[in-house]
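This report refers to the structure that appears directly beneath it.
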Amino acid sequence: MIRLLEHEAKAILAARGFAVPRGALYQEHGALPGSGPFVVKAQVLSGGRGKAGGIRFAATPREIAEAAAAIGALTIGGQPVQSVYLEEKLDIAREFYLAAFVDRDRGCPVILASRFGGVDIEEVARDRIVECPLDPLAGLSGGVIETVLRAIEVEPAQTGAMRDAMIRLHDTLVSEDAELVEINPLVVTRSGALVAADAKIVLDEDAAFRHQGRRAIPEGTAFEEAARRYGVIGIELDGDIAAMMNGAGMTMATLDEITALGGSVRGLVELHGAMARGAEHVAKVIGLMRSLEPKVLLFNIYFQFRNLDTVAEAIALAVRDAAGRMPPIVVRMRGVKEAEARRILEAVDCFVTDDFATACRKAVAVSRELRGAA
Ligand code: GDP
Ligand code: MN
């Protein structure tokens, strides 16, 4: 599940032909997206921004700066505001709710709409919402479109635009491999235009490979984000030991063992196939682990298909790159090319074993010692 911020979702909608307000991320002394007045909007992965003070109106540069500073400091629904988005304010005549999502239980896309938009759909009474499951093969039929148009009482002047919006909504869901595309409110302006005033898109991350051009969506810490860019899975915690494993099972087993021994984890890296990119690449990932400033680096690698010497080489490279600023290293290696790997590690100052429990015990013991010394 990859949740997009409002401005990211709107960029997708705009690319798919939806009308969206002119907008720009707020920057001090940055250009304004038009002549105003403006809406200043918290960019945060949480709904209910309006109620939480995350949506404000502003006209002058000074009002904008004040609103942006106040909104930028907010935490909404437990999430810190990531950025502030500035948009030309719409003159709203009506607000609709329009969404398409994949219903896993029913195994089909569903269109959800209401003529009572602008509030959380959970707060809208069931009988004020129209819900249309779609045939996954046939897609959006003319019959469904007409049912929705009637249910939400679209005025004749907007019927064509609303029909288009529904077709684009469904196209966006399918083509972007989204789990949810929600426009709330979908606004009719005083001049009669149909504009997406707010947007929420959730993408299916298992389909990310089908959208190579799409930039990675930041979520998680800087470390976790950097790990993602390296093609590995990184998890940041606040303990002492940074550990690299191969495979989700080994990663969980290592976390459990360290915790059971009374140790604590600073970070976890699951190689996730990034091994195949070679020793230089893995060395960079190790450098990233070092940036967490752990008390100990633990490698717990059991390879039945890949070669251990690649990881050994990566460790040697990372130690060289660190120029003396490397924490103590504990290595557990077992599997293909174990002897070659050991030979490489002979030149490196580290503890090597082929036993899982021994490695975890050693890492915990060293981290304790260093903690005691600190
Ligand atoms: P949410 O609270 O996180 O869903 O944020 P929205 O972007 O949906 O904004 C909440 C409400 O603020 C909307 O339903 C509108 O009533 C109002 N709003 C947002 N943008 C505008 C705008 O451009 N003009 C006006 N008049 N109201 C707006
Ligand atoms: Mn909204």
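Bear in mind these aren't lab numbers, they're just calculated from the coordinates by the rules spelled out. Computed from a prediction, not measured in an experiment: that's the story for all the values here. Every residue, glycine as well, gets a Cβ built from its backbone with ideal geometry; the counts of neighbours run over all protein chains shown.
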Task: HN-Hα J in Hz across region 248-265 - Karplus 6.51, -1.76, 1.60, θ = phi - 60°, x for Gly and Pro - done: 5, x, 5, 5, 5, 4, 5, 4, 4, 5, 4, 5, 4, 7, x, x, 9, 10
- [ ] Excluding residues fewer than 8 places away in the same chain, name every one of the lysines whose C-alpha is closer than 29 Å to that of LYS337.
- [x] LYS284, LYS295, LYS362
TODO: For ARG190 and GLU88, compute 0.36 nm times the residue count separating them, minus their Cα-Cα distance, and round to one decimal in nm.
DONE: 35.3 nm
TODO: Identify, among ALA316, VAL331, ALA357, the residue whose Cα sits farthest towards the positive end of the charge dipole of region 264-374, taking +1 on the Cβ of Lys and Arg and -1 on the Cβ of Asp and Glu, with the dipole about the Cα centre.
DONE: ALA357
TODO: Extending each Cα 7 Å along its Cβ direction at THR75 and THR221, get the distance between those two points in nm, one decimal.
DONE: 1.6 nm
- [ ] For every other residue with a beta carbon closer than 12 angstrom to the beta carbon of GLU153, add +1 if it is Lys or Arg and -1 if Asp or Glu, then tell me the sum.
- [x] +3
Task: Unit charges at the beta carbon, dipole of the chain: most positive-side option, GLY47, GLY192, ALA248 - done: ALA248
Task: Set of lysines near LYS10 by C-alpha distance (under 17 Å), chain-local residues within fewer than 8 positions excluded - done: LYS41, LYS89, LYS200
Task: Least to most buried among CYS360, CYS108 (fewest other Cβ within 10 Å first) - done: CYS108, CYS360
Task: Selection from GLY139, VAL110, TYR97, by position along the positive dipole direction of region 95-153 (Cβ) - done: GLY139
Open item on the list: Given the -39500 (n - 2.57) contribution per DSSP H run of 4+ residues, what per-residue ellipticity at 222 nm results for the chain, rounded to the nearest 500 deg cm²/dmol?
Closed with: -10500 deg cm²/dmol
Task: Rounded FRET efficiency, nearest 0.05, which uses the C-beta distance separating ARG106 from ARG163 and R0 of 22 Å - done: 0.35
- [ ] Rank these for me by crowding, THR310, THR358, THR251, going from fewest to most other beta carbons within 10 Å.
- [x] THR358, THR251, THR310
Task: Relative contact order [Cα under 8 Å, 6+ residues apart], the chain, whole percent - done: 12 percent
Open item on the list: I need the shape label for region 225-357. Rule: rounded when a/c is under 1.5, else prolate if a/b > b/c, else oblate, with a, b, c from the alpha carbon gyration tensor.
Closed with: rounded
Task: C-alpha center-to-center spacing [region 187-255, region 269-325] in angstrom - done: 22 Å
- [ ] Please determine, in degrees from 0 to 90 and to the nearest 10, the orientation of helix 156-175 with respect to the longest principal axis defined by the Cα atoms of the chain, where the helix direction is its Cα long axis.
- [x] 20 degrees
Task: Net +/- balance of residues flanking LEU186 in space, Cβ distance below 10 Å, scoring K and R +1, D and E -1 - done: -2
- [ ] Please report, in debye to the nearest 20, how large the charge dipole of region 247-374 is about its Cα centre when each Lys and Arg carries +1 at its beta carbon and each Asp and Glu carries -1 there.
- [x] 240 debye
Open item on the list: Suppose the chain between ALA138 and ALA322 were pulled fully straight at 0.36 nm per residue; how much longer would it get relative to their current alpha carbon spacing?
Closed with: 60.4 nm
Open item on the list: Show me, for region 196-203, the HN-Hα J-couplings you get by feeding each phi into the Karplus relation (A = 6.51, B = -1.76, C = 1.60, θ = phi - 60°), rounded to Hz, glycine and proline as x.
Closed with: 7, 7, 8, 9, 9, 10, 10, 9
- [ ] Fewest Cβ neighbours within 10 Å first, please rank VAL311, VAL39, VAL119, VAL187 accordingly.
- [x] VAL119, VAL39, VAL187, VAL311
- [ ] Specify the residue with the greatest mean-square fluctuation among GLY324, GLY192, GLY273, computed from a Gaussian network of the chain linking alpha-carbon atoms under 10 Å apart.
- [x] GLY324
TODO: Kindly list the residues of region 343-374 that lie in the label zone of ALA260, defined by a backbone N under 15 Å from the point 7 Å along the Cα-to-C-beta vector.
DONE: 356-362, 364
